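Scroll down for the structure; my scribbles are underneath it.
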Amino acid sequence: MSHPQEPQRSFFHFGNPFRSPKGSHLPPGLLSLLDKFEKTLSERLQKLVPKDKSDILSFSWMKLAMESLSEIHRDIKNLITELEIPVTDWDEKWIDVYLDISVKLLDITIAFTSELTRLNQGHLLLQCVLHKLESNSADQFLRAYSSLHSWRQQIRSKNPRVETCRPVLDNLVESLDLPKVRNSAKGKVLMRAMYGAKVATTYICSVFAAAFSGSTDNLLDLNLTVPATLPWAQVFYNVQTTVNTEIKNIFSRGEFTVLRELLAVDNCANKLYPLLQDGFSPAQEESFKHSVSDLRKTAEKLSQGLDNLSKVVDDFFKIVLSGRDALLCNLRAGCASPNSVLGRNTDEQSVR
């Protein structure tokens, strides 16, 4: 069951960022920048709707989702650079919003990295199983059975770090309200763009948390939070509906995980398990060899997927951390240059 939804809150809880006391509209140049950002956001979200629903929560899809988040955060960096808002001109509320969200994203990304590391450690057990299966020794087969049993127990265990994701996600949802912006057209553009980035980030993080925790309790539904008037809203609704429906369908079938590659290895392990436990006759030898071959192929695919996903999760962590470092550095230095909060040369920022 998904987490109960909170009552709908106004999108402009702290005030409409596009309404000024004089009722003036945004200058054409600023409106063009906002339109460009929101159009790009729609395109990035649209890529997450696969042609085949079976691709959802494959490691390739999750890699694409995390890469999309990194691109969205780079888009925010580029927008702030184009807006040319010196850090010294930032309202304290804007700074608070950015710092608060960034630390939560760092926390949840660390949890994801912890789970990916845990699954990678499990791959060592699979390698041990496959090594023992190269022998024709009954004793080695029994040891392979023991290692396979340990692997199955390990992948079904809970990761305490992932279990703490829900409170972080709830805090991210609460942060989706916009701070009130007065007398700053650039600030209004920035806050609305950051809202779109926050929605995409919060939702995708909830998908990862659900996948890694093996529970839909972490899966968010933000339909009541995102107003339909936003140009990217319909694409977001489509992504959320498609992904959430498929995840719930998988869990309704009683699967212990929604991670496609992990499930494929487990299915192969289930076929080998009784053959290793009870032994097999000469007539079953060919079937046994096929099962070992299938386990080897799926285990390799799992390992590659974990490595690729770990890299993009780490990249996202570095983007968030370097942006936070740049803001804090500029605030300490009282920098008045038009660099973005993420810095013009974010990639050159040192990562602690």
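The values are calculated or read from the model by the stated rules, or taken from the named source; none is laboratory data. Please read all numbers here as calculations on a predicted model, not as lab measurements. With ideal geometry, Cβ positions are generated from the backbone for all residues, glycine too; neighbour counts draw on all protein chains shown. Only protein heavy atoms, including side chains, enter the accessible area calculation; ligands, DNA and RNA are left aside. Shrake-Rupley method; radii C 1.70, N 1.55, O 1.52, S 1.80 Å.
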Margin query: What's the magnitude of the charge dipole for the chain around its Cα centre, counting Lys and Arg as +1 and Asp and Glu as -1 at the beta-carbon? Answer in Debye, nearest 20.
Written below: 480 debye
Notebook entry, point to check: Counting other Cβ atoms within 10 Å, which trypsin sites (Lys or Arg not before Pro) in region 191-254 have at most 13 and lie in a DSSP loop?
Noted result: 253
Next item on the list: Counting helices only, and only those DSSP H runs with n ≥ 4, report the 222 nm mean residue ellipticity of the chain as the sum of -39,500 (n - 2.57) divided by its residues, in deg cm²/dmol to the nearest 500.
Entry: -23500 deg cm²/dmol
Next item on the list: Would you mind checking the tilt of helix 92-133 against the longest principal axis of the Cα atoms of the chain, expressed as 0 to 90 degrees and rounded to 10?
Entry: 10 degrees
Checklist line | Helix 233-252 vs. the chain, principal-axis angle (Cα, 0 to 90°, nearest 10) | finding: 20 degrees
Checklist line | Reachable aspartates and glutamates from residue 39, criterion Cα separation under 16 angstrom, eight or more residues apart if same chain | finding: 71, 75
Checklist line | For region 28-332: accessible area per residue (Å², 1.4 Å) | finding: 43 Å²
Margin query: Ignoring GluC sites (Glu not before Pro) that are buried or in helix or strand per DSSP, and keeping those with at most 16 other beta carbon atoms within 10 Å, what is the longest stretch of the chain between them?
Written below: 135-254
Check: Round to a whole number: what % of the accessible area of region 28-332 belongs to carbon and sulfur, probe 1.4 Å?
Finding: 50 percent
Checklist line | Rh (Kirkwood; distinct C-alpha pairs) - the chain, Å | finding: 22.3 Å
Checklist line | Neighbourhood charge, 14 Å Cβ-Cβ cut-off, centred on residue 141 and excluding it, Lys, Arg +1 and Asp, Glu -1 | finding: -1
Item checked: Folded to 0 to 90 degrees: helix 138-155 orientation relative to the chain principal axis, Cα -> 20 degrees
Next item on the list: With a Förster radius of 51 Å, plug the Cβ-Cβ distance of residue 99 and residue 273 into 1/(1 + (r/R0)^6) and report the FRET value to the nearest 0.05.
Entry: 0.55
Check: Tally Lys/Arg at +1 and Asp/Glu at -1 over every other residue whose Cβ is under 11 Å from the Cβ of residue 275; what's the total?
Finding: 0
